[in-house]
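The values are calculated or read from the model by the stated rules, or taken from the named source; none is laboratory data. Predicted, not measured: the structure shown is a model, and the values here were computed from it. As a convention, Cβ positions derive from the backbone with ideal geometry for all residues, glycine included, and neighbour counts pool all protein chains shown.
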Amino acid sequence: MTNTTPTDEELQSAAQSLRENNPSLGITKLLSQLKIDHPEWAVSEKRFKKFITPSTSSTTGTSNKSQSSKGNSSADDGLIAKTGIDPLLDISSIAPKIKVKMFNVQGKGKGLVAKEKLQVGELVWQEEPWIATNDSDLTPYLTSREMCSQCLTLFPLPNPPLSVPCKYCAEVHFCNRRCYSKAVDQGTHNDYLCAGQNRECKALLSFINQKKARDIQGVARIIAQWRRYRDLGETKKAEEVEKRVWGVMARVSQRVKEAERREWPYIAQDRLEEWRLTHLLILRALNPSNEEDPESYKSFQRFLSNKKKNIPPLSKEEEERWFSFDSFLELLGLIGLNQESSGGLYALHSHLNHNCEPNLQVRNLPKNWTPPTTLPADLPPPMTAATRGTNKISIIIKKTIHPGDELTISYVDQRLSRVERRVKLREQYGFWCGCNRCTREKKEEELAEKKEKEIN
Ligand SMILES: [Zn+2]
Ligand SMILES: [Zn+2]
Ligand SMILES: [Zn+2]
């Protein structure tokens, strides 16, 4: 099923009955209710406002600010992610057999299609994350020096690791100097997020560990990567991060996304409070304010002047773009849309669209894996606990793909039922899946229902 835009009359009558039944609710809550009553409708807050009469009570909804209107969203639905082509990515050298395609369908941005036939078992490309994040299950290995903080490789046992620790905090360990310098460069463990150098990030790091807040880890690492390049005067690299984050990766405000959840009206207040607190931790670690947090500000300035003399202060635009609450929510939304569970954010992988019957497999294979030499070939066997892979992903063909076919992965567990997949995809990724499997299963369900009725 796809989104439909209700006519003015339809929306008018729905808004009227919503208002009659809920005389004191604010517009945001009513809009959430409308989305529950009419899940297929694409209605923006702006349009909805034209049809709804104000509440009779003086209080408005908890998050009744207008939705983010940054960027190019002329579309009617705030949930449609903003996305673009990545000029930094040389796809023809990473994956010569595929190309990017922009789909001119509402809600569907870019995707990848095959240039030639691809066979089962074929390796299409391999890629390391540009922002590495780790599943909280791995934290015990990371803190007990058993795993590289950058590439997530388990150090060989039983020999004690010859790993390279961080020079300043000794809390993280790396396979070698190469992984260490990558961690500094990418923000996995750069100066800003190393408690041995920037004391003000301590609270944020322990929050991430305690709350298993992987999404927040991702947001912090993106900002830290940008800020380090910017402060060191590596302008070109800072601009590249900026372009990728705000112009290329699909993103949508986390608040807009979560307003899709059925329970949103009941949790909105708590969620907003949680986000405010987390946002403050990020500010304290990466940009404390002199007015609101003078102690942290002083300590952060000392850290900065130890790094480099005369770093220019952030401009108003830089403050707004990277450190405002709205930007924080957009970064959080970006992580939610693009993060691959096994390793973080990948520049090319994030181009892949969803299908409930995907034709690709994304694998974290061991370092010694080599691609098959004859095709078609068997898919690599499932991993055992002892053969953990790294966070370099390998994209492997699962079903024969013909030229022009779109390459797809599944964003959700394929074992879920149609309805479960549907709710997850709408709430987490903002679309109703209309793939062949969903259509087929819906027909089957309707048929079974009909039969049951006939029996009774
Ligand atoms: Zn460190
Ligand atoms: Zn490593
Ligand atoms: Zn589907």
| message | Can you pull out every residue in region 191-204 that is surrounded by 19 or more Cβ atoms within 10 Å (Cβ to Cβ) and in a helix (DSSP H, G or I)? | response | D191, Y192, L193, E200, C201, L204
| Restricting region 211-244 to residues that are of a type in the set (V, I, T) and without any contact (Cβ under 8 Å) to a residue 40 or more places away in the chain, which is nearest to W322 (Cα to Cα)? | V241
| If only one of L118, L123, L193, L112 is at pLDDT 90 or above, under 17 Å from I208 (Cα atoms) and more than 12 Å from ligand 2 (Cβ to nearest atom), which one is it? | L193
| said: Considering only region 237-252, I want to know if a residue exists there that is crowded, with 17+ Cβ neighbours inside 10 Å and on the phi > 0 side of the Ramachandran plot. | reply: no
| request: Mind listing whichever residues of region 111-151 are within 16 Å of ligand 1 (Cβ to nearest atom) and within 16 Å of L348 (Cα to Cα)? | output: A132
| When region 131-148 is examined, which residues are found to be buried (at least 18 other Cβ atoms within 10 Å of the Cβ) and touching a strand residue (DSSP E or B) at 6+ places or on another chain (Cβ under 6 Å)? | I131, A132, T133, M147, C148
| Restricting attention to region 427-436, and to residues there that are part of a helix (DSSP H, G or I), within 25 Å of the chain's Cα centre (by Cα) and surrounded by fewer than 20 Cβ atoms within 10 Å (Cβ to Cβ), which single residue is nearest to ligand 2 (Cβ to nearest atom)? | Q428
| query | Within the bounds of region 253-266, is there any residue that is surrounded by 18 or more Cβ atoms within 10 Å (Cβ to Cβ) and closer than 18 Å to N198 by Cβ? | reply | no
| request: Answer yes or no: is there a residue in region 225-232 that is surrounded by fewer than 23 Cβ atoms within 10 Å (Cβ to Cβ), assigned by TED's automatic domain parsing to the domain that holds T278 and closer than 30 Å to L365 by Cα. | output: no
| said: over 17 Å from N287 (Cα atoms) and crowded, with 23+ Cβ neighbours inside 10 Å: is that true of T188 in this structure? | reply: yes
| task | Output the residue which, of all residues in region 174-185 that are of a type outside the set (D, E), farther than 14 Å from T390 by Cβ and surrounded by fewer than 23 Cβ atoms within 10 Å (Cβ to Cβ), is farthest from ligand 2 (Cβ to nearest atom). | result | V184
| task | Return yes when P403 is exposed (fewer than 15 other Cβ atoms within 10 Å of the Cβ), farther than 28 Å from I222 by Cα and in contact with a Lys or Arg (Cβ under 7 Å, 6 or more places away or on another chain) and no when it is not. | result | yes
| note | So, first residue touching a residue at least 24 places away in the same chain (Cβ under 8 Å) in region 302-329, second residue basic (K, R), Cβ within less than 7 Å, six or more apart or across chains; the pairs are L329/R255
| query | Would region 367-381 turn up any residue that is of a type in the set (V, I, T) and surrounded by 14 or more Cβ atoms within 10 Å (Cβ to Cβ)? | reply | no
| said: Kindly evaluate Q150 against the criterion of being without any contact (Cβ under 8 Å) to a residue 24 or more places away in the chain, closer than 30 Å to T384 by Cα and either in a helix (DSSP H, G or I) or within 16 Å of ligand 2 (Cβ to nearest atom) (or both). | reply: no
